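Structure, as structure tokens:
The values are calculated or read from the model by the stated rules, or taken from the named source; none is laboratory data. The structure presented is a predicted model; accordingly, all values stated were derived computationally and were not measured. When we count neighbours, we look across all protein chains shown, and the Cβ atoms used for this are built from the backbone with ideal geometry, even at glycine. Side chains included, ligands, DNA and RNA excluded: accessible areas come from the protein's heavy atoms. Shrake-Rupley method; radii C 1.70, N 1.55, O 1.52, S 1.80 Å.
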Amino acid sequence: MALMITDECISCGVCLLECPNEAIVEDNGVFRIRGGRCTECAGFFDEPKCRELCPVSECIVPNPRRPETREMLLEKHRRLELRKRVEAAMKVTGL
């Protein structure tokens, strides 16, 4: 299940730089998680880094609108990694 940031967020930004999928974005001091990029760190870490580092308990919680199994999160991770490799190759070749 992709995660979401609740209104309890104090906008410290500690999660922003730690997300390996660049799923966390900030707009005018409001942080949110892009569900299409959130894998709960599957493929990188055992636990979501944002939840691990967040100083506010229960600020980052599962998003009930995006139910996903561990297998689905790992598949999303594979797709995102493939996209990164393709984009990097396109930069190198000038496409």
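Residue check: residue 52 meets all listed conditions (1) free of Cβ contacts under 8 Å to residues at least 40 places away in the same chain; (2) assigned to a strand (DSSP E or B) but one, namely (2).
Of all residues in region 48-68, those satisfying the criterion of being farther than 22 Å from residue 18 by Cβ and loosely packed, with under 10 Cβ neighbours inside 10 Å are 64, 65. Could you tell me whether residue 86 is open to solvent by 80 Å² or more (accessible area, probe 1.4 Å), assigned to a helix (DSSP H, G or I) and β-branched (Val, Ile, Thr)? Answer is no for this residue. Residues of region 1-12 that are touching a residue at least 12 places away in the same chain (Cβ under 8 Å) and either crowded, with 20+ Cβ neighbours inside 10 Å or assigned to a loop (DSSP other than H, G, I, E, B) (or both): 1, 2, 3, 5, 6, 8, 9, 10, 11, 12. Condition test on residue 75, is it in contact (Cβ under 8 Å) with a residue 24 or more places away in the chain and either loosely packed, with under 11 Cβ neighbours inside 10 Å or part of a helix (DSSP H, G or I) (or both)? So residue 75 does not fit the description; no.
Here residue 44 clears all of (1) at negative phi; (2) open to solvent by 50 Å² or more (accessible area, probe 1.4 Å); (3) without any contact (Cβ under 8 Å) to a residue 12 or more places away in the chain except the condition numbered (3). Among the residues of region 36-43, some residue qualifies, meaning at least one is at pLDDT 95 or above and of a type in the set (S, T, N, Q).
Can you name the residue in region 78-95 that is of a type outside the set (A, V, I, L, M) and free of Cβ contacts under 8 Å to residues at least 24 places away in the same chain and, of all such residues, is nearest to residue 35 (Cα to Cα)? Taking the candidates together, the pick is 79. For region 13-33: of the residues being open to solvent by 90 Å² or more (accessible area, probe 1.4 Å) and either outside any strand (DSSP E or B) or among the hydrophobic types (A, V, I, L, M, F, W, C) (or both), which is nearest to residue 54 (Cα to Cα)? Checked region 13-33; the qualifying residue nearest to residue 54 (Cα to Cα) is 17.
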